[in-house]
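The values are calculated or read from the model by the stated rules, or taken from the named source; none is laboratory data. Just so it is clear, the model here is predicted, and its values are computed rather than measured. Positions of Cβ are backbone-derived with ideal geometry, glycine not excepted, and every protein chain shown enters the neighbour counts.
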Amino acid sequence: MNNEFELIYEGKAKKVFSHDDEDKVIIEFKDDATAFNALKKAKFEGKGKLNCLISAKIFEILINKNIPTHFIKLLNENTLIAKKIRVIPLEIVLRNIAYGSLCKQTTIKPGTILAKPLIDIYLKNDELNDPLITQDRIELMNILSSRDLDLIIDLTLKINGILKSFFENIKLQLVDFKLEFGYDSKNNIILGDEISPDNCRLWDLNQKNDTIVSLDKDRFRNDLGDLIEAYSEINRRINEFV
């Protein structure tokens, strides 16, 4: 990134830089992979580019369906320009199928198709290990109003409907995903962060005999290998369809 832009923030997977327009930022995707709150780390050449390209396509699909997002345009293959937002410190996880932490914390068996989407909300705080949080605690901590939380939940359900349908068209099952939201310069709530195999669980529907083949970050989490190949396959299918 050109030195003329100030580094505002660096996270586990992205760097955020200033832009000539104070209402915009430049987001650069890194090749770093982390899991279990960064206890497990690695680097995969080309991962940042793939996540950036996949996110850009999915943001475009959502924008075309009237979902407000921070995405403006791609700058290059691993960098995009986005609206500057005041990030809400919550991670919104929507689950269509039981897997991962839900099964570790309940008696629900992995692979169970949920009767309706489940939304879990986590406090975005590394020091506290991103704990599950209730609506009452969100209000107690003055993170946001119940009205704004309802708006975020409504947007999350709409996004789920759009993404489930889209991924099914490219033979992928959307198991669960994580979203982050923020306020833009006009105080509107919009979708931020990224939508990629880093924060979506995607299973290959081309498999026979109900075999689960993950094409997402579980390949890194669970030492399944071929992370770049999996991400590349998702990118290929998106580009063939869109």
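Restricting attention to strands (runs of 3 or more DSSP E) lying wholly within the stretch 174-242, give those where 1 or more residues are more than 30 Å from residue 150 (Cβ to Cβ) and touching a strand residue (DSSP E or B) at 6+ places or on another chain (Cβ under 9 Å).
Because the criterion is at least 1 residues that are more than 30 Å from residue 150 (Cβ to Cβ) and touching a strand residue (DSSP E or B) at 6+ places or on another chain (Cβ under 9 Å), the strands (runs of 3 or more DSSP E) in the stretch 174-242 that meet it are 200-204.
For the stretch 173-188, indicate whether the set of residues that are surrounded by 15 or more Cβ atoms within 10 Å (Cβ to Cβ) and free of Cβ contacts under 8 Å to residues at least 24 places away in the same chain is non-empty.
So in the stretch 173-188, the residues surrounded by 15 or more Cβ atoms within 10 Å (Cβ to Cβ) come out as 173-184.
Now drop any that are not free of Cβ contacts under 8 Å to residues at least 24 places away in the same chain, which leaves none.
No, that holds for no residue.
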Here are the criteria: (1) at positive phi; (2) free of Cβ contacts under 8 Å to residues at least 12 places away in the same chain. Tell me which single one residue 103 does not satisfy. (1)
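Yes/no matrix, rows are residues, columns are (1) modelled with pLDDT of 95 or more; (2) more than 20 Å from residue 36 (Cβ to Cβ); (3) outside the structural domain of residue 150 (by TED's automatic domain parsing):
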position	(1), (2), (3)
177	yes, no, no
183	yes, yes, no
190	yes, yes, no
195	yes, yes, no
202	yes, no, no
208	no, yes, no
211	no, yes, no
Residues of the stretch 143-164 that turn out to be assigned to a helix (DSSP H, G or I) and over 21 Å from residue 71 (Cα atoms), as a count: 4
Any residue in the stretch 97-116 that is within 30 Å of residue 142 (Cα to Cα), buried (at least 16 other Cβ atoms within 10 Å of the Cβ) and not assigned by TED's automatic domain parsing to the domain that holds residue 202? no
Show the residue pairs that are 6+ apart or on different chains and have beta-carbon atoms under 8 Å apart, the first residue being within the stretch 23-38 and within 12 Å of residue 220 (Cβ to Cβ) and in contact (Cβ under 8 Å) with a residue 40 or more places away in the chain, the second being acidic (Asp, Glu) and surrounded by 15 or more Cβ atoms within 10 Å (Cβ to Cβ). 33/198
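Any idea which residue in the stretch 190-221 is farthest from residue 27 (Cα to Cα), counting only those that are among the hydrophobic types (A, V, I, L, M, F, W, C) and buried (at least 20 other Cβ atoms within 10 Å of the Cβ)?
Ranking the qualifying residues of the stretch 190-221, first place goes to 203.
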Inside the stretch 117-161, can you point out the residues that are under 20 Å from the mean Cα position of the chain (by Cα) and of a type in the set (Lys, Arg)? 124, 158
Return yes when residue 76 is modelled with pLDDT of 95 or more, in the same structural domain as residue 19 (by TED's automatic domain parsing) and loosely packed, with under 11 Cβ neighbours inside 10 Å and no when it is not. yes
Residue ID - farthest from residue 87 (Cα to Cα), chosen from residues in the stretch 1-53 that are surrounded by 14 or more Cβ atoms within 10 Å (Cβ to Cβ) and aromatic (Phe, Trp, Tyr): 44
